[in-house]
Amino acid sequence: MALPVAREGIPFIVGFAVLAGVGDYLCPSVIGDIPLYLLLVWCVWFFRDPERVTPSEPGRVIAPADGKVIVIEEVASAPLSGQPARKVSIFMNVFNVHVNRFPEDGRVKALSYHAGKFFNAALAKASLENERMEILLETPDGVLIPFVQVAGLVARRIVCRAKEGDAARRGERFGLIRFGSRVDVYLPLSAEVAVTLGEHTVAGETVLARREVSGGVG
């Protein structure tokens, strides 16, 4: 069973716990200790990693992030694949769960990290100018689905556990972005987008799109 918090958050949680303990020892005042314990609670809450129930139907592309759909548009060339695609962008604010999950089954075909700036992740230019990690997933039926972790104004750390050649399982955790950011998913043009602008997604559960799969319809 997975931990209730992301493992990358454990050092922060331990640090705040030690800080609160030291503060309690040096200044045993209930009122004085409240801010330190509030920071500890906030840290645990921020790095929370709840279990999710992922749809198992073939051809479902699942949201890789909790957040709000801020972009649905066609692009001429998706990152890493170079293919025309429909981009769906999900913006994560500081209140969302920040653990990211694979949108489909398949294999990690390529990764590309880009150092960049830290514009507000809700801005259109963030997809091209901000620090980001591009990941190319190839599904079992040969469809390429790129998706990109994009750092934001406050986010300063992209964590990607995936490596080239890794097997990917839809809904499985692969990383996180700390303190507000976005994830862009590039869908085949033939896929039917299942979300609308402004809709809130749940990583590992919300169906972003339905696509045809070899041997049948998704």
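The values are calculated or read from the model by the stated rules, or taken from the named source; none is laboratory data. Source: prediction; values computed, not measured. Using ideal geometry, Cβ is built from the backbone for each residue, glycine included, and neighbour counts are taken over all protein chains shown.
Considering each of LEU19, LEU36, LEU80 in turn, give the residue that is touching a residue at least 12 places away in the same chain (Cβ under 8 Å), touching a Phe, Trp or Tyr at 6+ places or on another chain (Cβ under 8 Å), surrounded by 13 or more Cβ atoms within 10 Å (Cβ to Cβ) and not polar (S, T, N, Q).
LEU36
Looking for something buried (at least 16 other Cβ atoms within 10 Å of the Cβ) and within 18 Å of GLN149 (Cα to Cα) - is there at least one such residue anywhere in segment 189-199?
no
Select from segment 116-161 the residues that are of a type in the set (D, E, K, R) and in contact (Cβ under 8 Å) with a residue 12 or more places away in the chain and list them in ascending order.
Scanning segment 116-161 gives LYS117, GLU129, GLU131, ARG132, GLU134, GLU138, ASP141, ARG156, ARG157, ARG161.
Each row is one residue, and each column tells you yes or no for (1) modelled with pLDDT of 80 or more; (2) more than 14 Å from the chain's Cα centre (by Cα).
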residue: ASP33; (1), (2): no, yes
residue: LEU40; (1), (2): yes, yes
residue: ARG48; (1), (2): yes, no
residue: GLU51; (1), (2): yes, yes
residue: GLU57; (1), (2): yes, yes
residue: LYS68; (1), (2): yes, no
residue: ILE72; (1), (2): yes, yes
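Kindly indicate whether VAL94 is in contact with a Leu (Cβ under 7 Å, 6 or more places away or on another chain) and either closer than 26 Å to HIS114 by Cβ or in a strand (DSSP E or B) (or both). Even if it seems obvious, please write down each step before you answer.
Details: in contact with a Leu (Cβ under 7 Å, 6 or more places away or on another chain): no; either closer than 26 Å to HIS114 by Cβ or in a strand (DSSP E or B) (or both): yes.
When the stated conditions are applied, VAL94 does not pass them.
So, in segment 86-113, of the ones that are among the aromatic types (Phe, Trp, Tyr) and touching a strand residue (DSSP E or B) at 6+ places or on another chain (Cβ under 6 Å), which residue ends up surrounded by the fewest Cβ atoms within 10 Å (Cβ to Cβ)?
Top of the filtered list is TYR113.
Consider segment 114-158. How many of its residues are of a type in the set (Lys, Arg), surrounded by fewer than 19 Cβ atoms within 10 Å (Cβ to Cβ) and in a strand (DSSP E or B)?
Residues of segment 114-158 of a type in the set (Lys, Arg): 117, 125, 132, 156-157.
Right, trim to surrounded by fewer than 19 Cβ atoms within 10 Å (Cβ to Cβ) and you get 117, 125, 156-157.
From what's left, in a strand (DSSP E or B): 117.
Adding up the residues that qualify gives 1.
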